[in-house]
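Structure record follows, encoded as structure tokens.
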Amino acid sequence: MSPRPAIFISAVSCELRSARQLVANTLTFLGYDPEWQDIFGTEEGDLCAVLRRRINASKGIVQLVGSCYGAEPPAPDDQFGRVSYTQYEALYAVSRGKKAYLFLDEGFPTDPHEEEDEEKRKLQSDYRARLKATSHLYHSLSTREGLEASVLKLRDDLTRLRRGVTRWAAFVAVLLGLSAGLSVWVLESQRSSNQQLQVVQEKLEKLQQGVNSFAEVQNKVRQEQAGQKPEEVEQRTYEELGKQLGLDPTMLKNSFRSSLRS
């Protein structure tokens, strides 16, 4: 089981894949483990059963609602009637008392995709109208910058879903503290040179890149080989990040563990 709390991200892949990845990166930066259907696939059997297990294990759900209906189960659901898999994800999560964060597309630049038939467009339109009528709060989805900012604003609310401080959140806090400490040191030290400052800034920028791309790299590592243990996924993620950033993965991992002990 992942040491970080999981947040399920729901979206129709053909339309909002890139937006979903942006949400995943942001949630990872905040210390959460984003999950969605594409990550774990359908090899475990009935997809609705798989979704239920994954959602049950999550602290909450973020749903990006566009104009596409997406794929649907072979038969109407006993509880929710005829729904797509994406609609099912949010409806089931809410029925289980999970915290739901809804983002409705209002002019968002979606990924290129084929237009669905009139029946599916009508089903999705009805779903959007129902969300607007019954949800106490939803966010408008219009720009990538706005989406990222909206997810970051959920920080305090998401924190209340957690049982304690996660390892990755601690790493982010240490990273921010390190940045502030190094800045003070550079300013106060008369012997610091412009070259030293540039080295420090470049290292911090690389670490920040690692934070922003952690979710994407971790998801890629998960999909490359089934049945990996969490510690194996973590180790391979550090190795991949080390290659991308030009940093020693062992140094990154040891620094991370040292920060948790301090």
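Quick note: the coordinates plus some simple rules give every number you see, no bench work behind them. All figures in this text were calculated on a predicted structure; none of them were measured in a lab. Virtual Cβ from ideal backbone geometry, glycine too; neighbours counted across all protein chains shown.
Below, the figures for the structure above:
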| quantity | calculated |
| --- | --- |
| Count - residues of the range 95-119 that are buried (at least 17 other Cβ atoms within 10 Å of the Cβ) and of a type outside the set (S, T, N, Q) | 10 |
| Within the range 221-232, considering residues that are without any contact (Cβ under 8 Å) to a residue 40 or more places away in the chain and in a helix (DSSP H, G or I), the one farthest from residue 6 (Cα to Cα) | 224 |
| Extreme residue, surrounded by the most Cβ atoms within 10 Å (Cβ to Cβ), among residues of the range 233-253 that are touching a residue at least 24 places away in the same chain (Cβ under 8 Å) and in a helix (DSSP H, G or I) | 241 |
| Residue 158, sole failed condition from (1) buried (at least 18 other Cβ atoms within 10 Å of the Cβ); (2) closer than 22 Å to residue 17 by Cα | (2) |
